[in-house]
Amino acid sequence: MRSARPDKTVKADLFKYEVDPETGEVFDDGRQTELQLKDYEGNVVLPAYSWSIGCDVHRDFIQVSVMIRVGQSVKEYHFQCDTDYNSLCDAKKLIIRMIESFSDPHVDVDPDRLRYACESTGNYHHPLLKAWGGIPIVINPSIAKAGRRKSDRIDAYVLCQNALMGVWPESFIFSDDVNVLRTLLQQRRHCERRATQIGNNINSELLRFGVNIGRDGSVTKNKSVREHVMDQLSDHPAMEPGKTNDFIPLEVKVILKKSYEEWDRYKELGEEYLQQIRDKIESMMWKCGDTELDGKEMISLLCTVPGIGEYTAVIWLTYIVEAHRFASYEKCIAYCGFDPSAATSAGKVVSGKKRKGNKELHEAIVRSAGTLLSRANEPFGRWAENLYHRSGKWRKASNALGRKLVTALYYVQKTGNEFDYEKYRIEEPEVIDISLDRLIEIEPAFRRYIKKILPMNITTTQEMVHVYHICGFKRVKGLGKGFYGLMRKFIENQNEYRERCFEIYGKDDIIYDEENRDDYNE
């Protein structure tokens, strides 16, 4: 990105003009505002670009602001145009003609490299992107706030001025294939939500008439429960009624039968959308490392990350598209809604509230993290489970594990290499191996907890750390945050505990592994 050029002698004036979009005629509105752009040292600087465009997008019209540098001054031209395709194309030609006619020094504008800024307002900005192409800068409206005063002119002016100074980076624009994927995925989610609503309504209506069969399972997904309900909805039920009265009025039976048909239709439609999504992904090429992979190979590569299944990989590709579009894995974590540093002060996080991020992607990663958290044979799962027992908060552990999964997916797609645990610090920690009695002498705070773990035939600190590492203490009553805090302190401050042990018992009277004895004696 270009930076502003310092010049202590520059005084930039801003002149405002109104343009007739049909004739191209320029009107001087009689207003002149001095615009002085300064760097951090107070030096007056020239803008980063010779011209810029800001667009405040609406359904029926677009407010356009164009700033052009003329010598030591900046001239701003503004007009409105309709949102139909032809009007947008005419507005683009008018802007290019204005820039090439009024700029000093003269600049030639490449129509395919037209740089402009607009807000992300639902889908209203997409017609502008399709008509203009070029290099768009799509900004979240919450970031591009103009201040207390608000109008279409002010919004377009602020967007244009920030684009002139190079405040915002260029946006990553999705291809038509990716937009098709997102549309299919959105329609499938709609079908799933609608099917869930219908199932809940069926159970609610059955309860209204005293039929509580939903306690035995889902009235739509459980095969035996559904068979019983459908039998009771028939004209001549063959099954015996349950313990409660299974009487259902005739009018309600008709409604419930139609609800079941509607549920089946939405589930079938959802499966059709899912198959279309799979076919579309497999037909596309995806950037991975320094090469490209087809969709099937890309999904297999992403599924090497622990806890990630095919559906989560599909959602990842649909919304992330390319890992390279994020400058760092932290930005990718924030996009997925796992960044807890939404509010910081003096370099410290002062609020644990996460940014919203992408809702669909966040939910998919959280589901994968929740499944992985219960797997004791996976190092990621053991790590998160220990965090859960230390904090007592399931959501905190699943979100922390979600950040690890996002990081793993980011680097797998960016490098093109399969997931490997060797790149993570997950090995069992090495600690000084002494008896638990001596540990109590060194750290008396362990006394109250040692009594609870002695029945597990644990006699040394190495055995205790091993059981801790494999989450073996999770079902022992009385071992809460205090114990897990002491364990973490013991593991992280080995030098301190080793010195205490040496002072009390000496170096020759300590249990060591044979391979480490010489190292410790040194």
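If the requirement is being acidic (Asp, Glu), touching a residue at least 12 places away in the same chain (Cβ under 8 Å) and either buried (at least 20 other Cβ atoms within 10 Å of the Cβ) or more than 23 Å from residue 170 (Cβ to Cβ) (or both), which of these qualifies: 261, 322, 282, 268? Going through 261, 322, 282, 268 in turn, the sole match is 282. Annotation note: of 475, 500, the sole residue that is at pLDDT below 80 and not aliphatic (A, V, I, L, M) is 475. The C-beta contact set for region 101-116 (first residue touching a residue at least 60 places away in the same chain (Cβ under 8 Å), second residue part of a loop (DSSP other than H, G, I, E, B), distance under 9 angstrom, 6+ apart or interchain) comprises 114/133; 114/134; 115/49; 115/134; 115/170; 116/134.
Considered as a group, the residues in region 103-146 that are of a type in the set (Phe, Trp, Tyr) and buried (at least 18 other Cβ atoms within 10 Å of the Cβ) include one that is nearest to residue 165 (Cα to Cα), and that residue is 116. Considering 193, 215, 226, the condition of being modelled with pLDDT of 85 or more, basic (Lys, Arg) and closer than 30 Å to residue 318 by Cβ is satisfied by 193 alone.
From (1) among the charged types (D, E, K, R); (2) over 37 Å from the mean Cα position of the chain (by Cα); (3) modelled with pLDDT under 80, pick out the condition that doesn't hold for residue 448. For residue 448, the failing item is (3). Considered as a group, the residues in region 285-307 that are among the aliphatic types (A, V, I, L, M) and under 30 Å from residue 398 (Cβ atoms) include one that is surrounded by the fewest Cβ atoms within 10 Å (Cβ to Cβ), and that residue is 293.
The values are calculated or read from the model by the stated rules, or taken from the named source; none is laboratory data. This structure is a prediction, so every number in the text was calculated from the model and none was measured. Don't worry about glycine lacking a Cβ; one is built from the backbone with ideal geometry, like all the others, and counts go over all protein chains shown.
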